[in-house]
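A.B. asks: I'd like to ask you about the structure that follows.
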Amino acid sequence: MSWWKLRAIQDDLDTSRADALVWIDDQLRFEQEAQAWARILGPRILMVSPDPRRGISPGELAAVRSFLEQPVF
């Protein structure tokens, strides 16, 4: 059975038809199926898996900002 958050993100992307996606979740580093799906999407997705003990870092926030400012294609 797949991870419920992955199914929710996939459903949302199917509905919204967004060009790009940022997914931030401290569990992502452990979810192999989500990582495989992200590899299929390639440059359309940025996955950030912050350390749950410290939260999202300034560097991770900068990566999100940079990703969102760049054209997807």
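Just so you know, all these numbers are worked out from the coordinates, no wet-lab data involved. These numbers were taken from a predicted model, which means no experiment stands behind them. In this analysis, Cβ positions are derived from the backbone assuming ideal geometry, glycine residues included, and neighbour counts consider all displayed protein chains.
A.B. asks: Just give me the residues in segment 28-73 being assigned to a helix (DSSP H, G or I), among the acidic types (D, E) and loosely packed, with under 15 Cβ neighbours inside 10 Å, in sequence order. Spell out the reasoning first.
C.D. replies: Quick first cut of segment 28-73, residues assigned to a helix (DSSP H, G or I) only: 28-30, 32-44, 58-69.
Those still in the list that are among the acidic types (D, E) too: 33, 60, 69.
Within segment 28-73, E33, E69 qualify.
A.B. asks: What number goes with the only condition from (1) touching a Phe, Trp or Tyr at 6+ places or on another chain (Cβ under 8 Å); (2) in contact (Cβ under 8 Å) with a residue 24 or more places away in the chain that D26 does not pass?
C.D. replies: Single failed check for D26: (1).
A.B. asks: Moving on. Can you go through Q27, Q70 and tell me which one is within 17 Å of W4 (Cβ to Cβ) and of a type outside the set (F, W, Y)? Quick ask: steps written out before the conclusion?
C.D. replies: Details: Q70 fails: within 17 Å of W4 (Cβ to Cβ).
None of the others qualify; the one that does is Q27.
A.B. asks: Go through segment 29-49 and give me each residue that's basic (K, R) and either over 16 Å from E60 (Cβ atoms) or within 10 Å of the chain's Cα centre (by Cα) (or both). Break it down stepwise before answering.
C.D. replies: Initially, segment 29-49 is screened for residues basic (K, R), giving 29, 39, 44.
Answer for segment 29-49, where residues must be basic (K, R) and either over 16 Å from E60 (Cβ atoms) or within 10 Å of the chain's Cα centre (by Cα) (or both): R39, R44.
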